[in-house]
Amino acid sequence: MIQAAQTLIVLTFPILLIVAALRDLTSYTIPNRLSFGLAGLFPVAALAAGLPPSLIGLNLAVGLAALVAGMVMFALRWIGGGDAKLFAAAALWLGWPAMLTDIAVTGLAGGALAVMLLALRSAHIRPFVPVGATWLGRLAEPGENVPYGVAIAAGALAAFPASSLMQALGHGL
């Protein structure tokens, strides 16, 4: 019963990431409640997983470093504010060294997303985009932003099995 409760608590991470990615994809916004929810649930998940204080501290440091990096990228207008907060909240859950996988996969997923959006926004494909879904039409709009929360979620989900939380629960791969 205890392991089921632990697993349920830890599953909030991928669920909230997927919701954030879908919201960003369809509205170009990541609600603060999702990023703050992830950050707020981390201590609960860490305690449920039995993470030692030293690893909790390391995860906090990784999350803080990611927040600073996200703020710099936001200041440079490379990403949006919601992206920066989601990146930091995910880093908090992932810890070290899983964050290395997260950064690599996020970069690759972001590149793939950019290539797909360039293709979708091209003069050859854009005329075939269905007009029914407003969000899809916006994705196909040349010059529109990139919903980078999708790439952030992909990177975090790829790194999650190697996270300190999953390792502590014995679910890591």
Scope the stretch 81-102; condition more than 18 Å from G37 (Cβ to Cβ) and surrounded by 15 or more Cβ atoms within 10 Å (Cβ to Cβ); matching residues: G95, W96, A98, M99, T101, D102
Filter result for I125 (out of contact with any Leu (no Cβ under 8 Å at 6 or more places or on another chain) and closer than 22 Å to Y28 by Cβ): yes
Selection within the stretch 4-22 - without any contact (Cβ under 8 Å) to a residue 40 or more places away in the chain and either of a type outside the set (V, I, T) or at positive phi (or both): A4, L8, L11, L16, L22
Test: residue in the stretch 136-156 that is under 22 Å from L38 (Cα atoms) and surrounded by fewer than 12 Cβ atoms within 10 Å (Cβ to Cβ): no
Some residue of the stretch 2-23 being in contact with a Ser or Thr (Cβ under 7 Å, 6 or more places away or on another chain), surrounded by 16 or more Cβ atoms within 10 Å (Cβ to Cβ), of a type outside the set (G, A, S) and farther than 27 Å from L120 by Cα: no
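Listed here are the residues, each with its yes/no results for (1) of a type outside the set (S, T, Y); (2) free of Cβ contacts under 8 Å to residues at least 12 places away in the same chain; (3) farther than 30 Å from Q167 by Cβ; (4) out of contact with any Leu (no Cβ under 6 Å at 6 or more places or on another chain).
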{"site": "D24", "(1), (2), (3), (4)": "yes, no, no, yes"}
{"site": "I30", "(1), (2), (3), (4)": "yes, no, no, no"}
{"site": "R33", "(1), (2), (3), (4)": "yes, yes, no, yes"}
{"site": "V44", "(1), (2), (3), (4)": "yes, no, no, yes"}
{"site": "A49", "(1), (2), (3), (4)": "yes, no, no, no"}
{"site": "G57", "(1), (2), (3), (4)": "yes, yes, no, yes"}
{"site": "L86", "(1), (2), (3), (4)": "yes, no, no, yes"}
{"site": "I103", "(1), (2), (3), (4)": "yes, no, no, yes"}
Identity of the residue in the stretch 124-166, assigned to a loop (DSSP other than H, G, I, E, B) and within 21 Å of the chain's Cα centre (by Cα), that ends up nearest to Q6 (Cα to Cα): S163
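Each reported figure results from applying straightforward, stated rules to the coordinates on display, with no laboratory input. Treat the numbers as computed from the prediction; the structure is a model and nothing was measured. For neighbour counting, all protein chains shown are included, and Cβ atoms are generated from backbone atoms with ideal geometry for every residue, glycine included.
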